[in-house]
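S.K.: If you scroll down you'll find the structure; I have some questions about it.
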Amino acid sequence: MSAFTYRCSQCGAEFAADEATYTCPKCGGNLDVILDYEALKPKAEALFAAPPDEASLWRYLPLLPVGDPHGEGTPLRRAGWTPVYTLPAIRESLSMPNFWLKDESPNPTASFKDRASAIVVARAREIGAEVVITASTGNAGAALAGMAAAVGQKAVILAPKSAPQAKIAQLLVFGARVVLVDGTYDDAFDMTVAAAEKYGWYCRNTGYNPFTAEGKKTAAFEIYEQVIRPNGLAKLNVFIPVGDGNIISGVYKGFWDLQQVGLIENLPRLFGVQAIGSAAIANAWKRGTDEIEPVSAHTLADSISVDLPRDGFRALRAVRNTGGAYITVPDEEILKAIADLGRTGVFAEPAAATAFAGLKAALKDGLISPDEPTLVLSTGSGLKDVAAAMKAVHAAPVVPPDVEELAKVLGE
Ligand SMILES: *Cc1c(COP(=O)(O)O)cnc(C)c1O
Ligand SMILES: [Zn+2]
């Protein structure tokens, strides 16, 4: 564990670790966790010089603001260290010799959110919180429920009742107390904040709890170890799906940490990809302002369907400070991306496939050229939303049990 302070991303005010819990006490902005980078330099060098001793994000404990939560022999230990693929078929079809895809579906609850929830559970245990609570469109709750179950931590999850069935099933199976709200995610968000205050519970909410981005930053550490360093890259484009903007803010924070300890010179260019129907952050980017206006979100990519992004300010900063861009894609392109990735053996949920759809759009618009080193972050498993996956493919023919009929449909 590393000692830390907080700095407000919006007003710049600084706080000691015990002076804040969630957002900035002065202005309500999201807090960045600031480590003691000078003291960390030799530790970081030693950490990254050694081969991974554990295929897990806990490898990065010296650069995390939490202590070791243990949980050996449980799924908590397995969060992070997801694979990176080159996908030769995609390299060939896009003429991109330096393409990579990082697949987050092997996480214990099958999405990127395990990274954040693992760290929040560690923090909850450290501060002796009896209960952790979160509002979630699905994955964040599933991740918190799963990571909490792994170590016997009590969890309460509020989700909109419209969340995909697979995600609700995960919440229930992991034994969390689940309440479905007959309202929006934003309603659930406000209710969890109030409940946490009333009962003294610890709230994980995205874009509210500063530790979620600290968990998500571990993906940047892995990208450094799996792609940047072994290939000697000075530059890298990273495509990230964006809803609330906490993943892109967390990945930015990870690269920023690496820069502070002197391990990388340049920050990779971050490209945020939103669905056209849920593009509050991309809209602000296009207008050239930090004023984010809420939208009435409608996209089949439920994990990035957000009216009022909770981490929009930092999500804009991440792209601006790295020379990246925001890109929007229609739902049809998201479905096509599911099929494209599926044919390479990667099953992505709609939000996850959005990053790949964004890459194709960026190539088409000339935002990047095909020879540039580029990584797509595929954030969650297609099994999370089977109904959406079925829209990306043709239905299978049904035949009577007869080989002649089989020959007919196979066209042999
Ligand atoms: C939550 C989520 C996102 C978006 O992350 P934000 O922090 O809301 O921008 C993307 N993909 C998947 C699979 C998610 O669960
Ligand atoms: Zn502030």
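S.K.: For the subset of the range 132-151 comprising residues that are open to solvent by less than 10 Å² (accessible area, probe 1.4 Å) and of a type in the set (Val, Ile, Thr), which member is nearest to LEU76 (Cα to Cα)?
M.R.: VAL132
S.K.: For the range 141-179, name all the residues that are modelled with pLDDT of 95 or more and assigned to a strand (DSSP E or B).
M.R.: LYS154, ALA155, VAL156, ILE157, LEU158, ARG177, VAL178, VAL179
S.K.: Is it the case, given these coordinates, that GLY345 is free of Cβ contacts under 8 Å to residues at least 24 places away in the same chain, out of contact with any helix residue (DSSP H, G or I) (no Cβ under 6 Å at 6 or more places or on another chain) and within 16 Å of TRP100 (Cβ to Cβ)?
M.R.: yes
S.K.: Picking from GLU225, GLU197, which residue would you name as being free of Cβ contacts under 8 Å to residues at least 24 places away in the same chain and acidic (Asp, Glu)?
M.R.: Among GLU225, GLU197, only GLU197 is free of Cβ contacts under 8 Å to residues at least 24 places away in the same chain and acidic (Asp, Glu).
S.K.: Would you say THR5 is within 16 Å of ligand 1 (Cβ to nearest atom) and either surrounded by 13 or more Cβ atoms within 10 Å (Cβ to Cβ) or assigned to a loop (DSSP other than H, G, I, E, B) (or both)?
M.R.: Considered against the rule, which asks whether it is within 16 Å of ligand 1 (Cβ to nearest atom) and either surrounded by 13 or more Cβ atoms within 10 Å (Cβ to Cβ) or assigned to a loop (DSSP other than H, G, I, E, B) (or both), THR5 comes out as no.
S.K.: Mind listing whichever residues of the range 358-368 are assigned to a loop (DSSP other than H, G, I, E, B) and open to solvent by 40 Å² or more (accessible area, probe 1.4 Å)?
M.R.: Hits for the range 358-368 are ASP365, GLY366, LEU367.
S.K.: So, one more: Of GLY366, GLY345, which residue is closer than 22 Å to ALA279 by Cβ and over 20 Å from the mean Cα position of the chain (by Cα)?
M.R.: Answer to the check: GLY366.
S.K.: Turning to a different aspect of this structure: Where the second residue is in a helix (DSSP H, G or I) and within 14 Å of ligand 2 (Cβ to nearest atom) and the first is of a type outside the set (Ser, Thr, Tyr) and lies in the range 13-42, which pairs have Cβ atoms under 8 Å and are six or more apart or on separate chains?
M.R.: Pairs that qualify, where the first residue is of a type outside the set (Ser, Thr, Tyr) and the partner is in a helix (DSSP H, G or I) and within 14 Å of ligand 2 (Cβ to nearest atom), are GLY29/PHE313; ASN30/PHE313; ASN30/ARG314; ASP32/ARG314.
S.K.: Exactly one of (1) out of contact with any Pro (no Cβ under 6 Å at 6 or more places or on another chain); (2) closer than 26 Å to CYS11 by Cβ; (3) part of a helix (DSSP H, G or I) is unmet by VAL295. Its number?
M.R.: (3) is the only condition that VAL295 fails.
Matching residues to (1) crowded, with 24+ Cβ neighbours inside 10 Å; (2) at positive phi:
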site	(1), (2)
VAL251	yes, no
TRP256	no, no
GLN259	no, no
GLY262	no, yes
PRO268	yes, no
GLY272	yes, no
ALA284	no, no
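S.K.: Could I ask something else about it? Since ALA89 meets every condition but one in (1) of a type in the set (A, V, I, L, M); (2) over 18 Å from THR354 (Cβ atoms); (3) in contact with a Leu (Cβ under 9 Å, 6 or more places away or on another chain), which condition does it not meet?
M.R.: For ALA89, the exception is condition (3).
S.K.: Moving to a separate point now. One residue is enough: does the range 31-42 have a residue meeting the conditions within 16 Å of ligand 2 (Cβ to nearest atom), open to solvent by 10 Å² or more (accessible area, probe 1.4 Å), under 26 Å from GLN153 (Cα atoms) and not basic (Lys, Arg)? Steps first, please.
M.R.: So in the range 31-42, the residues within 16 Å of ligand 2 (Cβ to nearest atom) come out as 31-34.
Then drop every residue that is not open to solvent by 10 Å² or more (accessible area, probe 1.4 Å), which leaves 32, 34.
Narrowing further to those that are under 26 Å from GLN153 (Cα atoms): 32.
With the extra rule that they be not basic (Lys, Arg), the set shrinks to 32.
So far as the range 31-42 goes, yes, one or more of its residues are within 16 Å of ligand 2 (Cβ to nearest atom), open to solvent by 10 Å² or more (accessible area, probe 1.4 Å), under 26 Å from GLN153 (Cα atoms) and not basic (Lys, Arg).
S.K.: Let me ask something additional. Only residues that are part of a loop (DSSP other than H, G, I, E, B) and of a type in the set (A, V, I, L, M): list them for the range 31-58, please.
M.R.: Selection gives ALA50, ALA55.
The values are calculated or read from the model by the stated rules, or taken from the named source; none is laboratory data. Being a predicted model, the structure only gives us computed values, none of them experimental. Cβ sites come from the backbone with ideal geometry, for glycine too, and all protein chains shown count toward neighbours. When the accessible area is computed, the model is the full protein with side chains, heavy atoms only, and any ligands, DNA or RNA have been set aside. Shrake-Rupley method; radii C 1.70, N 1.55, O 1.52, S 1.80 Å.
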